[in-house]
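Comments concern the structure below.
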Amino acid sequence: MKHTHQSYDRKKLAYKLITTSALLAIGFAVMTGCSNSGEEKSTAPTKAETVTPPASSTDQNTDLNTNGQGSTSTQQEPASNPASPHSKHSSAAAILSAAKQGTLPNLPKGLGLGTSSDLLFELWGKSESGSRGPMRSYAKYHTDIMLDGSDKVTEITSFDPDYKKLLIKQVVDELGEPTETVDTSRDIPDTAEANYTINNTSGLSYYLVFSYQTKTQKINYIRLYFNSKTP
């Protein structure tokens, strides 16, 4: 009977050992699973939290520029348009200043009252019309030239487009009241002339004439001359 009881105790102890081992194995497996789960959780954000770096300021500005809400740092302001070559010379004051020297702002250097026909022809040719008389017309330069008996320039009439942008009111505002105002409507309807006498340092008197339209006040042409009796 003692042998039987010992055998039963051994079986009972073995059963407990197996049971305990099984429980330990299960517990270890659970702990291992939790540990692995924790490791997976700790490593998961590494892949999930990959963040795209923010766009550079240049990219952002470019997007704004595309949407019409901004501009890039390299955007340049449009260059201002330069003035035309004659615009700064077309004021009444500039015309008067040149007239005191016996010329007009739109004429080439050396051409003016008293210029010889030789120099005139050298600069502009004999004339586009081929005329041989005292009046020489140069449509290309918007100018008519009058020569005297000694083949010197005594009168210059300019139809330069820049002069036609002026109004007679602007002329009077800059130069003051004209020496004389002449009604020329009998020759050309609705026109008049504002005449200014210029006494220069040489003692010669030049006459500066602004022909204008009485209705629109726009300048038709400018004439500069001196009397044929003037030496």
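The values are calculated or read from the model by the stated rules, or taken from the named source; none is laboratory data. If you're wondering where the values come from, they're calculated on a predicted model, not measured in any experiment. When we count neighbours, we look across all protein chains shown, and the Cβ atoms used for this are built from the backbone with ideal geometry, even at glycine. For the accessible areas, the whole protein counts, side chains as well, though only heavy atoms, and no ligand, DNA or RNA atoms are used. Shrake-Rupley method; radii C 1.70, N 1.55, O 1.52, S 1.80 Å.
Listing for the model above:
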| read-out | value |
| --- | --- |
| Only one of 150, 127, 116 that is hydroxyl-bearing (Ser, Thr, Tyr), within 20 Å of residue 221 (Cα to Cα) and open to solvent by 20 Å² or more (accessible area, probe 1.4 Å) | 127 |
| Candidate set from segment 183-221 (those that are among the small types (Gly, Ala, Ser) and either over 38 Å from the mean Cα position of the chain (by Cα) or part of a loop (DSSP other than H, G, I, E, B) (or both)); member that is farthest from residue 153 (Cα to Cα) | 185 |
| Search result, residues across segment 167-202 that are open to solvent by less than 60 Å² (accessible area, probe 1.4 Å) and more than 18 Å from residue 93 (Cβ to Cβ) | 182, 184, 185, 191, 192, 193 |
| Matching residues in segment 199-224 - criterion: being within 21 Å of residue 143 (Cα to Cα) and among the aliphatic types (A, V, I, L, M) | 208, 209, 219, 222, 224 |
